1. If you bin the C-alpha pair distances of segment 476-538 every 5 Å from 0, what whole percents do you get?
2. Using Cα-Cα distances under 8 Å and only pairs 6 or more residues apart, what relative contact order does segment 476-538 have, in percent?
3. May I have the convex hull volume per residue, in Å³, for the Cα set of segment 534-595?
4. Compute the length gained on full extension between residue 95 and residue 550: take 0.36 nm times their separation in residues and subtract their Cα-Cα distance, giving the result in nm to one decimal.
5. I'd like the per residue volume of the convex hull spanned by the Cα atoms of segment 87-197, given in cubic angstrom.
6. Which of the peptides 174-180, 600-606, 379-385 is most tightly packed, and how do the rest follow, judged by the mean count of other Cβ atoms within 10 Å per residue?
7. Set the Förster radius R0 to 60 Å, insert the Cβ-Cβ distance between residue 518 and residue 83 as r into 1/(1 + (r/R0)^6), and round the FRET efficiency to 0.05.
8. Just for the chain, what percent of DSSP beta bridges are antiparallel, to the closest 5?
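No lab work stands behind these numbers, since they all come straight from the coordinates. Small disclaimer: the values here were computed from a predicted structure and weren't measured. In this analysis, Cβ positions are derived from the backbone assuming ideal geometry, glycine residues included, and neighbour counts consider all displayed protein chains.
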């Protein structure tokens, strides 16, 4: 019942739901206290509404947005409380007293101050808005002043409205004691504080404004002409899709040439993992199209979205879809992909997938480059990491339609978890759901919550089980030490990864966030140490629910001995480990047909929605000699991900250099025909060849515009 209420009002916890209930009950109680009249009752009820409101703002509860939608926003709630205070004075027989008129006038003046205060805070923020938010870009040619002190602008409307407390308290004391001077003093204090808060903002309206958009854009283009990027990773999407760009950051850091990342949504910047690559976030379409990207020869796209058109229109560069996963899902053969010059897949499976789908992507435009991101995944050793196996359950999300084959969560998720928890030989379960889980289908979110509850209950029971008590006691000191180390690492990382003053806004962060190789190397070392400490702190027998960005999915891969998942890129990526895995046939196609339709399932234990086949997977984990699918996994890994040598990064870089050469050849041909001089990026020699030779070879072999297959 409580879980249903939480979902309906979209609050994050029981405490938020309790605060929401107190607000809903508090205001009728304030009204009742005013009508009775009862000053003590009024004080108690009003205090409850103040505290509940404050708590919801502290939590950033979505309920506050819902209240605004139904016209009981923050200002209305404060005004209502003050009107009820006036009603209380009238019911107390004070309607004809100077205190009554002074209170009404004071509250009106106080509300009159809300407009200039709100206008000032809005103008200051607007004048601090950058047309381009940057990271690792030197904007020294423009002066960007420090942001105003954070306490002045953070939750400014809420702070301003709470300045009514002296007036409310003073009037209540005056009504209870008859000492009108206290009420006058409270009202004067409220009005004075409101005037002071408004006046303090005035100097920042001019002194802390950033330069005009045209000047900043000019500085950005000046930096681009100096940096002369050759490869750009372009991304647009919502905050929950940040992983789709984060997964490519390490690859971009190791790419040949001069990489650049271009993003479109401001909200994505805080979600972007720390990187040494320069980043430009350009929300405006016109600004994006006016960026000086004349030296870029290869543009990489990790998602098919409408805003891609703002870069796709550039003819001087070659456009490549690299995606954010390689699976048998329909998204992996999106017909939109034919707008790109090339589509890069991990292995032969991706090429065959497009051929079968027949969506207009030509075979000669497909290049097999492997998956450079899979380098951190460790391979199977033939034995479990811990005394009992760890089984990772990593279902994908429900998708945009109601296809039962999208996710195992809805029909099989609870069965999978229960069978793992009840397995004859004990296992540890690590559950890591897709970050999109439940955003479209409420049933999926409900199942996720039930699975989370199941695992938390099982973990609590295991902590009290005599079989694990000795292990728990023996490792307690080490776990506590690891947990303490995690806290210290998080604190150090927070200092390393937040350049500039505490509380600086996006303009200040753009000014100060210049890459520091020493700092980045330290941050990478700390992340690795944090991951090790995390798994040490929880114990190898403890069931875990892992959400959020840390630990990463690949860290969970390395901790696991087998995995249960759905048809998604998670399965293809897990192939790099060589460990046993199971895939759920949620659409009930039957094992043979399911494996025929889904390449990644051909070396998997296929589960029905009842998950009775899990015993086969657990047997393969417990005894490698009983692992009948080991050979099939090795063959499928080569088919899905390509050969181990040369490495995926080497193949990726080779594809980049080849396509750069094709772009240069095309631009030279156009220049010869039109008599114009194309922009020339400075050569960046790669590990396997001289770009000048590759350009010449491309021109000789392919003419000026012919594409090159990988």
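1. Per 5 Å bin, starting at 0, the Cα pair percentages come out as 4, 18, 22, 17, 15, 11, 8, 4, 1, 0.
2. Numbers: 35 pairs, mean separation 39.3, N = 63.
Dividing the mean separation by the residue count of segment 476-538 yields 62 percent.
3. Numbers: hull volume 7.0 nm³, N = 62.
About 113 Å³ per residue, rounded to a whole number.
4. Details: separation 455, 0.36 × 455 = 163.80 nm, distance 6.04 nm.
Extra length available between residue 95 and residue 550 comes to 157.8 nm.
5. Details: hull volume 12.1 nm³, N = 111.
Spelled out: Cα convex hull of segment 87-197, divided by residues, is 109 Å³.
6. Working: 174-180: 16.6, 600-606: 23.7, 379-385: 12.9.
Descending mean neighbour count gives 600-606, 174-180, 379-385.
7. Values: r = 59 Å, r/R0 = 0.99.
Given R0 = 60 Å and the Cβ-Cβ separation, E is 0.50.
8. Numbers: 4 of 41 bridges.
Percent antiparallel among DSSP bridges in the chain is about 10.
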